[in-house]
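A short reminder: the numbers here are calculations on the coordinates, not readings from a lab. Since we're looking at a predicted model, the values are computed, not measured. Cβ atoms come from the backbone with ideal geometry, glycine included; neighbour counts cover every protein chain shown.
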Amino acid sequence: MPVKIEFTGLGDRTSEQQIRRSVQEAFNTVPDDWTVTIPSRYDDLEWKMIVTGPQRFQVDVTLGRGEHTPEAVVTAIKHVIVGELSG
C-alpha cells in the first residue's frame with residue numbers, strides 16, 4: 001500500500017531522497033495506508049520520527065546521531081510495523 005513520507009525541515013535533499021526511496025521499498029507489502037513524518041533538521045542530535053497507520057495507530061520513535069541513515073530509519077520502521085501487524 002502507499003506510504004506518505006513527510007519531512008518538515010530536514011534540509012538535506014539527498015538524505016530525503018534516499019530515506020524516501022528506502023521507506024517506500026519497506027512498505028511495498030504492508031497493508032493499509034501509513035504515514036512517516038520526520039519533523040527534524042538534518043544536523044539535530046536526535047531525529048524524531050512519527051509513524052501513523054490504520055485504526056489511529058501512532059508511535060513516536062527517536063533516532064540517535066548514528067541512526068541518521070536510510071537503513072536505520074527503515075530498521076526502526078520495520079520494528080514498529082512488525083509489532084503492530086503481529087499484535
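Laid out as a table, the results:
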item	result
Summed residue charge, Cβ within 11 Å of Glu6's Cβ, Lys/Arg positive, Asp/Glu negative	+1
Computed E for Thr14/Arg56 - FRET, C-beta separation, R0 22 angstrom, nearest 0.05	0.05
The chain - percent relative contact order, Cα under 8 Å, separation 6 or more	27
Potential lengthening between Asp43 and Thr69 on full extension [0.36 nm per residue; Cα-Cα distance subtracted]	8.1 nm
Dipole magnitude of the chain about its Cα centre (Cβ charges: Lys, Arg +1; Asp, Glu -1), debye to nearest 20	100
In degrees, nearest ten, helix 70-86 long axis to first principal axis of the chain (Cα)	20
Region 3-86: antiparallel DSSP beta bridges as a percent of all, rounded to 5	65
Principal-axis tilt of helix 13-26 within the chain, Cα atoms, nearest 10 degrees	20
